[in-house]
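Working notes, structure below.
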Amino acid sequence: MRRRILILLCICSGGVSVLARSLDGNESDTVRLYALDEVVVVSPVKETNPFRGLPGAASLLPASQVEGMKVISVKDLSTLVPNVFIPDYGSRMTVPVYVRGVGERSAGQTIGLYVDHMPYLDKSAFDFNFAGIQRVEILRGPQGTLYGRNAMGGIIHLHTCSPLDHEQVRASATGGNYGLFRANVSVSRKLRPQLGLSLSGYYERNGGYFTNRHSSLREDGLEASGGRIRLDWQCTDHWKAQWILSYDRTQQGAFPYGAYGPGGKVDEPDYNDPGRYDRQVAGANFNLQYADDRLLFNAVTACQYLDDDMYMDLDYTPGSCFTINQKQRLRTLTEEWTVKSGSPGHWQWLFGVYGFAGRLNTPALTTMGPDGIREVMQPMFDQIHEDNPRAPVMRVNDATIPIPGRFLTPSLGGAVFHQSTLNRVFADGLSLTAGIRLDYERVRLDYDTQVEMNLDVQMGNRPAVPMRVDTALRGADSRAFREILPKVALKYEWKGGRYVYFTLANGYKAGGYNIQVFADLVQQALREKYAPAEAPQDVREMVSYRPEYSWNYEAGYKGEWLEGALQGEITLFYVDVRDIQLTQYVNSGQGRMLRNAGRVASKGAELSLSARLSNELGLTLHYGYTHATFGKQDDGTGYAGNYVPYAPQQTLSAAAFYRKSFRSRWIDRLLLNAHYQAAGKIYWTAGNEVSQDFYGLLNLKAAVARGVFEWALWTKNTLNTDYTAFYFESMGQALAQKGKPFRAGIDFSVRF
């Protein structure tokens, strides 16, 4: 057993960020962030309120905090702000995000991800390395007026460093247990006073955390690499352009699911077909901005491609029942133009237009192995003969049965939107923000799937004769979604940077199609072919699901005291969700599907506190409580009153940051950080039969620096807390994945 490295106190480099008031009071779009020795200028291009004065729940994490807490990917943001939960399981393809009880673990997304204003339209691309990130903005609650259908739960916006503002050369390396190695290199330089270039790249690998009993090998090892190129050009005093190219490559073992037993015990994986997930994501965006005293114009043109290859043992046993090999080929193009008022005044306004086009090609191959034929396919033919003795006796004469499918899903959409903020409405300090978005989307599904097999067919006492049988499902369907997404917010601010607000916003998640259900449908079509009495299935009803809607009511208070050294925020919310999209596994267990279930009421509270006790010590506390329960269900399943699955009732993040400077020949700075994050209770099923109790993880880091060099020791899940990260049921089995165990490592970095 490897020896654990226990570090008792740590503190991140850079300390606690403090949101200070803008230079000219409450009306400027400029917000300064103080992180001890770091000053970052934030200029929102898509809001009529300054970020610090938004009438809604908003959090900002500067680079120092991201680095100090070792936030490497989007999953590391889980619980860092109230009621945001992103469990880590499965693979990098799997990025479920839950905000205030609203979320989705399979198709679609309820929170939008942006990197330098470029939207990520498929959450299969969400999980990548955060190399070169300058800050992370997280907005909770519906942001549909400005961001559209994919922002029902909120927005995560990552900003990378501009070479015009931040020049440095940095290299870092990390080593740790479980075969961890990570290297990052970034160079940011001005080529001319108005032209800057930044280059960044990373490489990462680990040996995996869970051993497959069947093969005695680690099931979830990872190797990934990627990079980004950014060119910034201050063309004139008013015009600025950015070109950004990014690439990410992932190869990993995946889906380390084991049997879930009494008392919540999760076994190690034990199946014969190792899972894997390989992915390439590339993106390019061109941002053009014009700014003067009167207006700010911003145009973003972005394209992205995603190619991935997923292989999974669908029965998760040593038997050869079912496997699936699914690939995705996604191409997207987006364009957005916004223009907003420049100088502060009584009326702040913003107008925007948005359009996108996407093409998703999903070839999939489900294979039924010998055990699947014996346990699923052959009993189907036996049942046909039993129900109708005059029907022939049919015996499957194949070792495996492939069920190939091809699914093409083109989509396009567009929107026009507007938002205005009226300041000094009836009284000084009182402002009204109102916005509306007209959103349109059309999606189409072309499908072609079939099953073929060889049978021995026997009629009465006659000798059996071989027969080749097949059936296919081919067709197309399209759906269009039109929505009006309004928002209104009232805010009252008084001296000292304190204010209260009330916000009413409409959220919307588009409908779509279930791809993985087709293996079941084609088998059912085969049964109907040989048992005409079977009721025909409605393919369109089975493969499609309707949009999900919500109304979000939110009231909050934000304030700061002691010249910004102490900040606080408290929020109360109520979310009314209609036609919630629930994930369920199909009858055979050969895939999952979404279905609309009914209504959900989610209510709760959020608390955030940030204190800079001295120039050396800072504390943060973020707590969220959510009570999300079902109302009456359309399908009569009896879930009314039950808690929504996979969404935790509580989240907690508490951190202490300490930094001390020395005049020593050995070290210049000591940096310590201690971070405790927790979540629970989490119900795993809509019936609330299985759950994960509230659990917490302790993460520690200690670093020393001398000149341009820094060394750090860190631990994750320091107390080796045993918890379940994911649970589901398939083919009569209860399956789960354990959370990652204790990890420890050493960082070394140098920067100029």
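The values are calculated or read from the model by the stated rules, or taken from the named source; none is laboratory data. These numbers were taken from a predicted model, which means no experiment stands behind them. Because the Cβ atoms are built from the backbone with ideal geometry, glycine has one as well, and the counts that use them run over all protein chains shown. Surface accessibility is based on the protein's heavy atoms, side chains included, excluding ligands, DNA and RNA. Shrake-Rupley method; radii C 1.70, N 1.55, O 1.52, S 1.80 Å.
Structure summary
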item	result
Lys/Arg +1, Asp/Glu -1 at C-beta; the chain dipole; positive extreme among ASN596, ALA712, GLY201	ALA712
Filtered chymotrypsin sites (Phe, Trp or Tyr not before Pro), the stretch 661-730: DSSP coil and at most 13 other beta carbons within 10 Å	PHE662, TRP666
Residue-level accessible surface for CYS235, protein heavy atoms, 1.4 Å, Å²	50 Å²
In degrees, nearest ten, helix 378-387 long axis to first principal axis of the chain (Cα)	50 degrees
Reciprocal of mean inverse Cα separation for the stretch 98-208 (Kirkwood radius, Å)	16.2 Å
For the stretch 706-748 versus the stretch 418-462, the gap between their alpha-carbon centres in whole angstrom	34 Å
Alpha-carbon gyration tensor eigenvalues x 5, square-rooted, for the chain, Å	47, 30, 24
Overall Cα dimensions of the stretch 237-370 - principal axes, largest extent first, Å	70, 37, 21
Theoretical gain in end-to-end length, TRP551 to GLN584 [0.36 nm per residue, Cα-Cα removed]	9.4 nm
Relative intensity, log₁₀ I(q)/I(0), of the stretch 301-446 from a Debye sum that treats every alpha carbon as a point, q = 0.20 Å⁻¹	-1.14
Cα-derived Rg over Rh, computed across the stretch 156-217 with Rh taken as Kirkwood radius	1.25
Per-pair calculated FRET efficiency, R0 = 45 Å: VAL169 and LEU438 via Cβ, rounded to 0.05	0.45
Computed magnitude of the charge dipole of the stretch 161-205 (debye, nearest 20; Cβ of K, R +1, Cβ of D, E -1)	100 debye
Spin-label model distance (nm) - ALA299 vs ALA640, 7 Å beyond Cα toward Cβ	5.5 nm
Simple label model, 7 Å out from Cα along Cβ direction - VAL393 to ALA725, nm	5.0 nm
Relative contact order (percent, whole number), the stretch 121-195, Cα cutoff 8 Å, 6+ residue spacing	24 percent
Reach of LYS340 by Cα under 19 Å, taken over lysines that are not fewer than 8 positions away in the same chain	LYS46, LYS240, LYS487
Average Cα contact separation per residue, the chain, under 8 Å, 6 or more apart, as relative contact order %	13 percent
Out-of-range pairs (alpha-carbon distance over 19 Å; input LYS603/LYS632; LYS123/LYS327; LYS70/LYS701; LYS123/LYS603)	LYS123/LYS603
Other-chain or far-sequence residues with amide H under 5 Å of SER691's (modelled H)	TRP684
Computed magnitude of the charge dipole of the chain (debye, nearest 20; Cβ of K, R +1, Cβ of D, E -1)	1780 debye
DSSP bridge pairs, the chain: antiparallel proportion in percent, nearest 5	100 percent
Centre separation in Å (Cα based) which lies between the stretch 243-294 and the stretch 305-372	11 Å
Sparse-neighbour loop sites [trypsin sites (Lys or Arg not before Pro); the stretch 248-337; at most 10 other C-beta within 10 Å; DSSP]	ARG294
Estimated FRET transfer efficiency when R0 is 25 angstrom, pair ALA282-PHE351 (beta carbons, to 0.05)	0.20
Per-residue [θ]222 nm for the chain (sum of -39500 (n - 2.57) over DSSP H runs n ≥ 4, rounded to 500)	-1500 deg cm²/dmol
Heavy-atom accessible surface of the chain: percent carbon and sulfur, 1.4 Å	56 percent
Residue-level accessible surface for VAL97, protein heavy atoms, 1.4 Å, Å²	10 Å²
Reachable aspartates and glutamates, given that their alpha-carbon falls under 19 Å from the alpha-carbon of LYS740 and they are not under 8 places away in the same chain	ASP76, ASP88, ASP127, GLU204, GLU219, ASP220, GLU223, ASP267, GLU268, ASP270, ASP693, ASP722
Relative contact order of the stretch 628-717, pairs being alpha-carbon contacts under 8 Å that are 6 or more residues apart, as %	24 percent
Surrounding net charge for GLN251, when Lys and Arg each add one and Asp and Glu each subtract one, Cβ distance under 13 Å	-3
Residue-count net charge about PHE573 - beta-carbon cut-off 12 Å; Lys, Arg +1, Asp, Glu -1	0
The stretch 60-116-the stretch 385-404 distance, computed between alpha-carbon centres (Å)	47 Å
Residue-level accessible surface for ASP668, protein heavy atoms, 1.4 Å, Å²	40 Å²
Ratio of Rg to Rh over the stretch 592-679 (Cα coordinates, Kirkwood Rh, two decimals)	1.31
Cα gyration tensor of the stretch 471-558 - equivalent ellipsoid semi-axes, whole Å, descending	51, 12, 9
Trypsin sites (Lys or Arg not before Pro) restricted to DSSP loop in the stretch 639-710 with at most 16 other C-beta within 10 Å	ARG663, ARG665, LYS681
Whole-number Å³ per residue for the convex hull built on Cα positions in the stretch 322-365	104 Å³
Per residue, in Å², the accessible surface of the chain once ligands and nucleic acids are set aside, probe 1.4 Å	40 Å²
